[in-house]
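A quick write-up on the structure given underneath.
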Amino acid sequence: MAQVCHLLAQESGMSDDETAVLMHAAPMHDVGKIATPDAVLLKPGRLTPAEWDVMKQHPTIGLQILDGSQRPILKAAAVIAHQHHEKWDGSGYPQGLKGEAIHPYARIVAVADVFDALTHARPYRGAWKRDRVIAELRRKTGTHFEPRVVEAFLEVVLAERARKIVVSAA
């Protein structure tokens, strides 16, 4: 996931420094899940509304864990942890941010995270085939995801030079 973020950052024209910061900060996006009970994280079925409320706390908890550092990687990780579930159309959480109000790092991590999550098995579902995941990313372009990030993803990750990074995708 970090390598995909790195490639997307490069494709979007970020500087080498920004690209490196994102690559190192991205793996911390779900650090807030440390406070989420295993009964919720590992539940094999759909979450109840109460369980979903617990799950939706992890971005804010992640921000609380990472906030306050002056180190660029930890500052970026705090923003990413807090915003990676925001959606391009404003329907995400925890703040309901929309469009350009979402930090570019979080917009990139959102795409890479969903790709990673869907291509790997979870307690509540099996891994999806890569073609199905790509169709889902395309379907959610402009609502969940920034269109430019999905375009970059499709160009970079599907390009021959990136195939080695995502071979784990079913």
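Just so you know, all these numbers are worked out from the coordinates, no wet-lab data involved. Being a predicted model, the structure only gives us computed values, none of them experimental. Glycine also receives a Cβ, built like all others from the backbone with ideal geometry; neighbour counts cover every protein chain displayed.
Structural remarks
- For the stretch 1-37, the residues whose backbone nitrogen is under 16 Å from a point 7 Å from the Cα of A159, taken along Cα to Cβ, are 3-16, 19.
- Inter-probe distance in nm under a simple model that places probes 7 Å from Cα toward Cβ, at A35 and S69: 1.7
- Residue of G96, G45, G32 that the Gaussian network model of the chain assigns the largest fluctuation, springs spanning Cα pairs under 10 Å: G45
- Extension gain from R139 to D89, taking 0.36 nm per residue of separation minus the Cα-Cα distance: 16.7 nm
- Positive contributions from Lys and Arg (+1) and negative ones from Asp and Glu (-1), summed over other residues with Cβ under 14 Å from the Cβ of E86, come out at +1.
- Cβ-Cβ FRET estimate between K56 and R132, R0 fixed at 22 Å, reported to 0.05: 0.30
- Placed amide H near R122: partners under 5 Å, 5+ positions off or other chain: A127
- Evaluated on the chain, the Kirkwood hydrodynamic radius is 16.3 Å, with distances taken between all distinct Cα atoms.
- Summing +1 for each Lys or Arg and -1 for each Asp or Glu among the other residues whose beta-carbon sits under 11 angstrom from that of A106 gives -1.
- Cβ crowding within 10 Å, taken as a proxy for footprinting-reagent exposure, orders R130, R148, R46, R107 from fewest neighbours to most as R46, R148, R130, R107.
- Karplus (6.51, -1.76, 1.60) ³J(HN,Hα), θ = phi - 60°, over the stretch 98-109, in Hz, Gly and Pro reported as x: 9, x, 5, 5, 7, 4, x, 4, 5, 5, 6, 4
- Net +/- balance of residues flanking W52 in space, Cβ distance below 11 Å, scoring K and R +1, D and E -1: +1
- Its Cα centre serving as origin, the chain has a Cβ charge dipole (Lys and Arg +1, Asp and Glu -1) of approximately 600 debye.
- Global size of the stretch 52-139 as Cα Rg and Dmax, reported in angstrom: 14.1, 41
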